Structures are given as C-alpha cells and as structure tokens.
Amino acid sequence: MDVSIIVVAWNVRELLRNCLRSVYQETKGIQFEVIFVDNGSVDGSVDMVRQEFPQTRIIENKDNKGFIRANNQAIDIAKGR
C-alpha cells in the first residue's frame with residue numbers, strides 16, 4: 001500500500017460525497033486506501049459512504065472525538081507506507 005488517505009468529517013454528507021468522489025476518480029497509478037472517520041454525524045454520512053464507496057474503511061464514532069483524535073484513530077489502522 002503506497003498511501004493512506006484519511007478523511008475526518010462531522011455532518012457534511014454532501015461535501016464528503018464530493019471529496020470521496022474526487023479521490024476515487026483522480027487518484028491513479030498508486031495503491032491507496034481511504035479511511036473515513038465519522039465523528040458522530042446524524043446526517044446519514046456513514047450510510048452514504050457504505051452505499052456509494054464500499055471500498056472505504058470506516059471508523060464510526062458515536063460522538064465527536066475532535067479532529068486530532070479522529071486522525072489518530074485512522075493512523076492506528078492505516079497501511080500506507
């Protein structure tokens with residue numbers, strides 16, 4: 001795995017959709033993974049990612065852990081070099 005891309009979000013489903021769409025359309029020539037950390041969204045973000053981007057790894061927090069803590073959660077499971 002070349003790169004791990006970490007996306008942390010809270011209640012921004014449409015921005016998240018656009019972000020992930022761009023990542024998957026534009027990232028070429030490398031092996032990558034996307035890890036999405038949801039910080040307790042109530043807008044359907046997690047369901048949207050599961051349906052539209054099933055290759056994305058998801059960490060689903062029940063409450064907002066904050067940006068740094070959420071990034072650290074993803075770093076702990078990232079496989080990119």
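Some observations on this one:
- Quotient of C-alpha Rg and 2.2 N^0.38 Å, computed over the chain: 1.03
- Area of residue 63 that stays accessible when all protein chains are in place (1.4 Å probe, Å², to 10): 80 Å²
- Solvent-accessible surface of the chain, averaged per residue with a 1.4 angstrom probe and all protein chains in place: 62 square angstrom.
- Local net charge near residue 37, Cβ-Cβ under 10 Å (Lys/Arg +1, Asp/Glu -1): +1
- Around the amide H of residue 58, modelled in the peptide plane, lie the amide H atoms of 36, all under 5 Å away and 5 or more residues distant in sequence or on another chain.
- The chain, dipole about Cα centre (Lys/Arg Cβ +1, Asp/Glu Cβ -1), debye to the nearest 20: 160 debye
- Cα centroid separation - segment 1-18 against segment 42-81, whole Å: 8 Å
- Normalised by the number of residues in the chain, the mean separation of alpha-carbon contacts (under 8 Å, six or more apart) gives a relative contact order of 42 percent.
The values are calculated or read from the model by the stated rules, or taken from the named source; none is laboratory data. All of these numbers come straight from a predicted model, not from anything done at the bench. Neighbour counts run over all protein chains shown; Cβ positions are idealised from the backbone, glycine included. The protein model used for the area step is the full one, side chains on, heavy atoms only, and it has no ligands, DNA or RNA in it. Shrake-Rupley method; radii C 1.70, N 1.55, O 1.52, S 1.80 Å.
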